[in-house]
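Worksheet: one structure, shown below.
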Amino acid sequence: MEVSKIEIQTFKIGDGPNFIELNLTSVYGFPDEIDEEIGGYSVKGEVNIQSGKYSVTNGELWFTTGQVYQLYQQLKEAYETLSGKVTFYNYECSIDLEMIFNSTGQIDLEGYFRDSSGDNRLEFGFQLDQSYLFKTLNELKKIVEIYGDMTRIK
């Protein structure tokens, strides 16, 4: 599968001392070859997590643009209704995020990241206000506009 030369795309949830940021550093198969099993194009990425005093910097992970599309759809619906649960995890089980929205605009974000060796795992959790998500949704929308949904871009 061929890697596409791309400008790194990023989306970030949260800000300040509590955030998670995913960078799409390489996209494989774009625009012709999708991951038939999961949907979308295969992505090699990096994750940066800051949860209080604990952090991950440039943690390597693999996911698909289809999973990014699903995250965008879930997050958009929860943002508009101020309710619901949003999940994001990859097929290697190295990252797992869950965001629970309540009617007052608060979001509880919990998850973990496990490094590729499997020896280290950071469990994290923090609260954020839904106002932080406007920027996140715009960042995700730009990625979805480039790579499409669960199928190949048309």
Any pair with Cβ under 8 angstrom, 6 or more apart, that starts in segment 92-104 at a residue that is without any contact (Cβ under 8 Å) to a residue 24 or more places away in the chain and under 25 Å from GLY118 (Cβ atoms) and ends at one that is surrounded by fewer than 15 Cβ atoms within 10 Å (Cβ to Cβ) and basic (Lys, Arg): GLU98/LYS85
Inspect all residues belonging to segment 77-84 and state whether any of them is touching a residue at least 60 places away in the same chain (Cβ under 8 Å) and among the aliphatic types (A, V, I, L, M). no
Quick one: ASP119 ticks every box in (1) crowded, with 17+ Cβ neighbours inside 10 Å; (2) over 14 Å from MET150 (Cα atoms) except a single one, so which number is it? (1)
Unmet criterion (only one of (1) closer than 15 Å to PHE11 by Cα; (2) loosely packed, with under 15 Cβ neighbours inside 10 Å; (3) not hydrophobic (A, V, I, L, M, F, W, C)) for THR64: (2)
Within segment 32-83, work out how many residues are farther than 19 Å from SER94 by Cβ and in contact with an Asp or Glu (Cβ under 7 Å, 6 or more places away or on another chain). 1
Out of (1) of a type outside the set (Phe, Trp, Tyr); (2) within 14 Å of VAL144 (Cα to Cα); (3) touching a strand residue (DSSP E or B) at 6+ places or on another chain (Cβ under 7 Å), the one PRO31 does not meet is (3)
I need a count of the residues in segment 4-33 that are on the phi < 0 side of the Ramachandran plot and in contact with a helix residue (DSSP H, G or I) (Cβ under 9 Å, 6 or more places away or on another chain). 13
Yes/no for GLU46 being part of a strand (DSSP E or B), surrounded by fewer than 16 Cβ atoms within 10 Å (Cβ to Cβ) and of a type in the set (Asp, Glu): no
Run down SER55, SER131 and say which single residue is of a type in the set (Ser, Thr, Tyr) and either outside any strand (DSSP E or B) or within 14 Å of the chain's Cα centre (by Cα) (or both). SER131
Mind counting the residues in segment 17-42 that are buried (at least 22 other Cβ atoms within 10 Å of the Cβ), assigned to a strand (DSSP E or B) and modelled with pLDDT under 95? 1
Would you mention how many residues in segment 101-116 are surrounded by 15 or more Cβ atoms within 10 Å (Cβ to Cβ) and farther than 19 Å from VAL56 by Cα? 2
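One line per residue, one yes/no per condition, for (1) under 25 Å from TYR28 (Cα atoms); (2) of a type in the set (Gly, Ala, Ser); (3) without any contact (Cβ under 8 Å) to a residue 40 or more places away in the chain:
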site	(1), (2), (3)
PHE113	yes, no, no
ARG121	no, no, yes
PHE126	no, no, no
TYR132	no, no, no
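The values are calculated or read from the model by the stated rules, or taken from the named source; none is laboratory data. What you see is a predicted model; the values in this text were computed from it and never measured. Quick reminder, even Gly has a Cβ in these numbers, built from the backbone with ideal geometry, and neighbours come from all protein chains shown.
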